[in-house]
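Written out below as C-alpha cells is the structure these notes cover.
Just so it is clear, none of the values below were taken in a lab; they were calculated from the coordinates. What you see is a predicted model, and the numbers here were worked out from it, not measured in a lab. In this analysis, Cβ positions are derived from the backbone assuming ideal geometry, glycine residues included, and neighbour counts consider all displayed protein chains.
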Amino acid sequence: MKNGWEHKKLGEILTIERGGSPRPIDSFITESPDGINWIKIGDTKGVEKYITETREKIRPEGVKRSRMVYEGDFILSNSMSFGRPYILKTKGCIHDGWLVLRPKEKNIDPDFLYHLLGSPLIFTQFDSLAAGSTVRNLNIDLVKTVEIPFPPLPEQKRIVAVLDKAFYAIAKAKDNAVKNLANARELFQSYLQNIFANPGEDWEEKKLGDMGKVSMCKRVFKDQTTTTGDIPFYKIGTFGKVPNAYISKEIYDEFRKKFSFPKKGDILISASGTIGRRVKYDGKPAYFQDSNIVWIDNDEKQVLNDYLCNFYGACNWDSTKGATISRLYNDNLKQIKISFPKSLAEQRAIVAKLDAFSIEVNKLEGVYQNKLTNLEELKKSILQKAFSGELVEALS
C-alpha cells in the first residue's frame, strides 16, 4: 500500500444502519403529495449514482416504523443485488432491504466513498460475507468489518479526478456501443418491415383467424405445479427463458391428450405483458400457461410456420391496455391481416433471406455486446488499481 495510506474498517469511518418496513407495507402507501418518499429497489432502475425521486410515498404514521434517510446519505441493498451504492438527492424512508451509510468524519470525499463502495474490492468482501447464507443478506456487524484502503483527503480527491476522467471516456464509449447495437437491431427490423409492407403481385392477404384456430393449453393451477419436477411449465415471465415451475408427467400426458396442445413447429406467442414474443415449439416435453401463451393452429398449407414467425416479428399488434398490463385477446389476434406469397417456395426463399440477414445482424450485435463487456471489465480494473494506489502513482 502507498505511503500515507491507512487500513481501516468500514465501521470505523461510517455509521451503518438497516432500514425498517412498517407491516403491512401496503397499508401505509399513499398517493398523497404530502407523503414521504418511499425508496424501493425499483427506484434505482436507470440510475447511475443519484436517487432524486421515488415512485411511491408513505404516510407519516408509517415513517415512525421505517428508517428516515436524508440528502447526502449513501444507501445500498443488503440482499442479493448488494454491492451498488447510491447517493440520495432527496429525503425519504427506506425499507429493511436497504442499508444506510453516513460518514463519521469530514475527511472523507463523498465521490471517493461512492467509487470505493462500488469497487470490486468491496464487492468481493460483501460476496464473501454473504456466502453460505440462503437469503444472502448482509449482516451489519459483518459489513462493519470490511477492510478498506484509506488515503488522506487530498489523495482521495486526486483519485476521484482520475476516475471521473476515465469513467467519462468509458461512458461515452458505452453510449456509442449501445447506439450501434440499437442501430443493428433497427436495421434488421426495418428490413423485416419492408418485406411485409411491399407484397408482390402473386401474394394474397388473409386474416390470421383464417390460418387456423387460436389455441392455448388447458389451465394449470398453482397447486398443480412444483419448483422441480418432470415437465417444464412456462409462464409468461419465463416464456422463452428458463422455467421455474414444473408439472407432473401424469398431468402433462392427460392434458395434452384431452385438450389443445401445440404441434412441433407451431409458433407460440405471448398474449400479455410484452405482446408478440415468440417461440417455435421444438416438440420436447413442455407445457405453457393458458391465455397468456397462445398459437395459431396452422397446417402450413397456406403459410409456412417459419414465414409466420417472421411475420409476427414485424406485426403491429392490436393489443388493448388493461389496468396494469397489455393484453392481446383472441378476437384481436384473429382479425390481424397477413400478406404472403401463394407459392410456398417463395415463402421459403424469403425466410432464407431473412435468416441470412439475421445472422449478419447477430454478428454485429455480438461485436457490440463484447465491447460493452470489455468496457465494464476495464472499469473494474481501473477501480482495482485506484484503491491499490497504482493510478495515483502513475500520475505522480
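Axis of helix 153-197 versus longest Cα principal axis of the chain: the two differ by about 10°, to the nearest ten degrees.
Above 25 Å lies some portion of the pair distances; for the range 6-150, what is it as a whole percent of all C-alpha pairs?
Taking all Cα-Cα pairs of the range 6-150, the fraction more than 25 Å apart is 27 percent.
If each DSSP helix of 4+ residues adds -39,500 (n - 2.57) and the sum is divided by the residues in the chain, what number results at 222 nm, nearest 500 deg cm²/dmol?
So the helix-based figure for the chain works out to -12500 deg cm²/dmol.
Cross-link pairs exceeding 22 Å between alpha carbons, from the set K174/K235; K64/K144; K9/K89; K89/K380; K213/K263: K174/K235; K64/K144; K9/K89; K89/K380. With neighbours defined as other Cβ atoms within 10 Å of a residue's Cβ, the residues E186, E365 order from fewest to most as E186, E365. Among the GluC sites (Glu not before Pro) in the range 19-113, those placed in a DSSP loop whose Cβ has at most 15 other Cβ atoms within 10 Å are E31, E48, E53, E71, E105.
In plain terms, the residue of D299, D109 with the fewest other Cβ atoms within 10 Å comes first and the most crowded comes last, giving D299, D109. Ignoring aspartates and glutamates fewer than eight residues from K249 along the same chain, the ones with Cα atoms less than 12 angstrom from its Cα are D230.
The alpha carbons of the range 203-342 give a radius of gyration and a Dmax of 15.2, 48 Å, in that order. Think of the range 149-208 as having a plus end and a minus end, set by charges on the Cβ of Lys, Arg, Asp and Glu; of V178, L208, L163, L163 sits farthest toward the positive end of this dipole.
Footprinting exposure proxy ranking of F259, F112, fewest other C-beta atoms within 10 angstrom first, gives F259, F112.
Computed about its Cα centre, the charge dipole of the chain is approximately 460 debye, with only Lys, Arg, Asp and Glu carrying charge at their Cβ. Rg ratio for the chain: its Cα radius of gyration over 2.2 N^0.38 Å, N being its residue count, equals 1.28. Panel note: the C-alpha atoms of the range 77-129, placed on their principal axes, show extents of 29, 26, 16 Å (largest first).
Here the gap between F123 and F357, fully extended at 0.36 nm per residue and compared with their Cα-Cα distance, gives a gain of 80.1 nm. For the range 130-209, the pair-distance distribution built from all alpha carbon pairs, in bins 5 Å wide starting at 0, is 3, 9, 8, 8, 8, 8, 11, 10, 7, 6, 6, 6, 5, 4, 2, 0 percent.
In a reduced charge model with +1 at each Lys and Arg Cβ and -1 at each Asp and Glu Cβ, the range 6-150 shows a dipole moment near 260 debye about its Cα centre.
Taking the chain as a Gaussian network of alpha-carbon nodes connected by springs under 10 Å, the highest mean-square fluctuation of the residues K172, K258, K380 belongs to K258. Seen against the Cα atoms of the chain and their longest principal axis, helix 120-130 is set at about 80 degrees. Pairwise Cα distances in the range 1-85 exceed 21 Å in 42 percent of cases. The Cβ shell under 11 Å around Y86 holds other residues with a net charge of 0, Lys and Arg each +1, Asp and Glu each -1.
If you average the alpha carbon positions of the range 223-287 and of the range 332-370, how far apart do those two centres end up, in angstrom? If you average the Cα positions of each part, the centres end up 24 Å apart. Working note: Karplus 6.51/-1.76/1.60 with θ = phi - 60° gives the range 310-315 the couplings 5, 4, 4, x, 9, 6 Hz, where Gly and Pro are set to x.
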